[in-house]
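Written below as structure tokens is the structure these notes are about.
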Amino acid sequence: MKKILIIGANGQIGSELIAALRTKYGQDNVIGMDLREPSEEQKKGGPWELGDATSKTSIEALIKKYQIDTVFHLAALLSATGEKDPDLCWRLNMDSLRHVLELAKAHKLQIFWPSSIAAFGPTTPRVNTPQYTSLEPTTMYGVTKVAGELLCQYYKLRWGVDVRSVRYPGLVSWKTPPGGGTTDYAVAIFYDAVQKGSYENFVGPKTVLPMMYMPDAIRGTIELMEAPIEKIKVNTAYNFAAISFSAEELAAVVKKKVPGFSCTYKPDHRQKIADSWPQSIEDKSARADWNWKHQYDLDKMADDMLRNLKKKFGKK
Ligand code: NAD
Ligand code: AKB
């Protein structure tokens with residue numbers, strides 16, 4: 001049986017990935033690690049450790065303690081928080097990845113590390129962005145994603161490390177709020193629709209970005225990690241796509257399902273980041289190499305988000 005460590009397990013992705021992996025591999029075989037204390041409910045789910053991803057010795061101690069063979073490394077600063085503190089963004093995102101890759105080489109670990117659509121920039125074709133294209137991001141977060149992809153490729157080719165990655169689009173989910181990204185508006189609109197009946201968006205109505213519903217992202221991530229190694233032909237990070245929609249299309253779908261809902265627009269500094277990213281992604285390689293298929297379109301995602309958030313906040 002696999003022994004898995006998730007670094008950054010309290011975040012938007014980690015909190016859902018840990019539950020899915022525990023269901024699959026057994027609750028004692030998946031260890032959560034984060035800088036932040038987990039909730040009481042999360043603690044009951046299985047082993048948890050407080051730890052700092054920038055400390056190689058702390059990560060190595062957990063690898064030895066639990067005889068870890070697989071690491072999902074999710075701790076990072078995202079695009080908007082990364083622009084507030086670019087120095088910390090570089091240190092956290094790059095130092096922790098380098099430690100994890102070094103430990104993978106020493107302990108023969110399989111690694112998952114996510115890249116992002118933030119690896120792309122203004123010189124990238126914005127529609128149906130291909131797998132191999134210009135990578136000239138203009139945020140520090142994007143710079144760490146491009147550098148991280150190249151570092152992963154280096155450790156794979158030079159040292160034979162089994163490291164796998166996808167370029168996640170904006171992820172939409174209801175269980176844990178997002179941690180400071182540009183695509184957070186696609187989550188916040190659902191929270192505010194349920195709690196306030198209105199939303200002020202921080203990007204303009206014509207902004208189009210690639211997005212994915214969390215259940216698709218979690219399933220795709222596990223499928224990538226379980227694919228036979230000879231199927232993994234992209235050494236950096238796979239383009240990974242599901243749906244693309246504009247901010248006004250999103251508001252229209254929410255309005256259809258939440259009577260009386262209204263949306264206004266007050267673009268802030270995150271508009272510039274959104275404008276530097278693609279609108280849609282071509283992900284033929286992921287679909288061909290390891291059979292990636294998304295299941296949620298915008299309408300199905302909106303139904304599920306609203307149903308779960310209403311339950312969460314005790315609304316009818
Ligand atoms: P998040 O901000 O929600 O979670 C990150 C977690 O890492 C947090 O729980 C935080 O406490 C923890 N953390 C921060 N510093 C740490 C440290 N020094 N040591 C240990 N833990 C630390 O982020 P997320 O959305 O879950 O993203 C996870 C990964 O996926 C990141 O690499 C991110 O770039 C990538 N990604 C996310 C999205 C998205 O839409 N959520 C899209 C593309 C890529
Ligand atoms: C962000 O907006 O920073 C993230 C991402 C797309 O990487 N959601």
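The values are calculated or read from the model by the stated rules, or taken from the named source; none is laboratory data. This one's a predicted model, so the numbers in the text were calculated from it and none came from an experiment. Here the Cβ positions follow ideal geometry from the backbone for every residue, glycine too, while neighbour counts run over all protein chains shown. For accessibility, only protein heavy atoms count, side chains too; no ligands or nucleic acids. Shrake-Rupley method; radii C 1.70, N 1.55, O 1.52, S 1.80 Å.
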Taking 3-16, 102-115, 228-241 and ranking on average Cβ neighbours within 10 Å, highest first, one gets 3-16, 102-115, 228-241
Take the alpha carbon atoms of the range 60-208, find their radius of gyration, then divide it by 2.2 N^0.38 Å using N residues; give the quotient.
1.18
Any residue on another chain or 5+ positions along whose placed amide H is under 5 Å from the amide H of L77 is listed here as N93
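Going by average Cβ neighbours within 10 Å, how do the peptides 190-202, 210-222 rank, with the highest at the top? Working shown, then result.
Details: 190-202: 18.3, 210-222: 21.8.
Result, highest mean first: 210-222, 190-202.
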With r as the distance between the Cβ atoms of N128 and K84 and R0 = 30 Å, compute the FRET efficiency 1/(1 + (r/R0)^6) and round to 0.05.
0.40
Environment charge at A286 (Cβ cut-off 13 Å; Lys +1, Arg +1, Asp -1, Glu -1)
+3
Based on DSSP H runs of at least 4 residues, each adding -39500 (n - 2.57), what is the mean residue ellipticity at 222 nm of the chain after dividing by all its residues, to the nearest 500 deg cm²/dmol?
-12500 deg cm²/dmol
About the Cα centre of the range 193-316, what is the dipole size in debye to 20, counting +1 per Lys and Arg Cβ and -1 per Asp and Glu Cβ, all else neutral?
700 debye
Using Cα atoms only, what is the angle between the long axis of helix 96-107 and the major principal axis of the chain, expressed in degrees (0 to 90) to the nearest 10?
40 degrees
Using only Cα atoms, tell me the angle between helix 298-312 and the longest principal axis of the chain; keep it within 0 to 90° and round to the nearest 10.
90 degrees
Calc'd 3J(HN,Hα), the range 81-94, phi into Karplus 6.51 cos²θ - 1.76 cosθ + 1.60 (θ = phi - 60°), Hz, glycine/Pro = x, comes to 5, x, 6, 6, 9, x, 5, 5, 4, 4, 5, 5, 5, 8
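List, in the order given, every pair from K43/K293; K206/K266; K2/K65 whose Cα-Cα distance in the structure shown is over 22 Å. Kindly include the intermediate steps, with their values, before the conclusion.
Details: K43/K293 32 Å; K206/K266 12 Å; K2/K65 14 Å.
Correct reply: K43/K293.
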Along the charge dipole of the chain, which of P38, T183, Y154 sits closest to the positive end, that is, farthest toward it, with unit charges on the beta carbon of Lys, Arg, Asp and Glu (+1, +1, -1, -1)?
P38
Heavy-atom accessible area per residue, the chain, 1.4 Å probe: how many Å²?
43 Å²
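Can you give the direction-averaged projected area of the convex hull of the alpha-carbon atoms in the range 178-316, in nm²? Before the final figure, lay out the partial values.
Numbers: hull surface 36.1 nm².
The orientation-averaged projected area of the Cα hull of the range 178-316 comes to 9.0 nm².
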Surface/4 of the Cα convex hull for the chain, nm²:
15.1 nm²
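Evaluate the range 102-165: find the radius of gyration of its Cα atoms, find its Kirkwood radius, and give the ratio Rg to Rh. Don't jump to the answer; show the numbers that get you there.
Details: Rg = 13.2 Å, Rh = 12.7 Å.
Ratio of gyration radius to Kirkwood radius for the range 102-165: 1.05.
Of the heavy-atom accessible surface of the range 222-284 (probe 1.4 angstrom), what whole percent is carbon and sulfur?
On the way: 1630 of 2970 Å².
That share works out to 55 percent.
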Would you kindly give the portion of the calculated P(r) for the range 12-136 that falls above 16 Å, as a percent of all Cα pairs?
68 percent
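Given R₀ = 41 Å, FRET efficiency for W159-Q195 by Cβ-Cβ distance, to 0.05? Kindly include the intermediate steps, with their values, before the conclusion.
Numbers: r = 49 Å, r/R0 = 1.19.
Calculated value: 0.25.
Per the 1.4 Å probe, what fraction of the accessible area of the range 69-204, in percent, lies on carbon and sulfur atoms?
Numbers: 2790 of 4970 Å².
Using a 1.4 Å probe with all protein chains present, the range 69-204 comes out at 56 percent carbon and sulfur.
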Could you work out how far helix 185-195 tilts from the main Cα principal axis of the chain, as a 0 to 90 degree angle to the nearest 10?
60 degrees
Mind putting a number on the dipole of the chain about its Cα centre? Charges go on the C-beta only, +1 for Lys and Arg and -1 for Asp and Glu, and I need it in Debye to the nearest 20.
580 debye
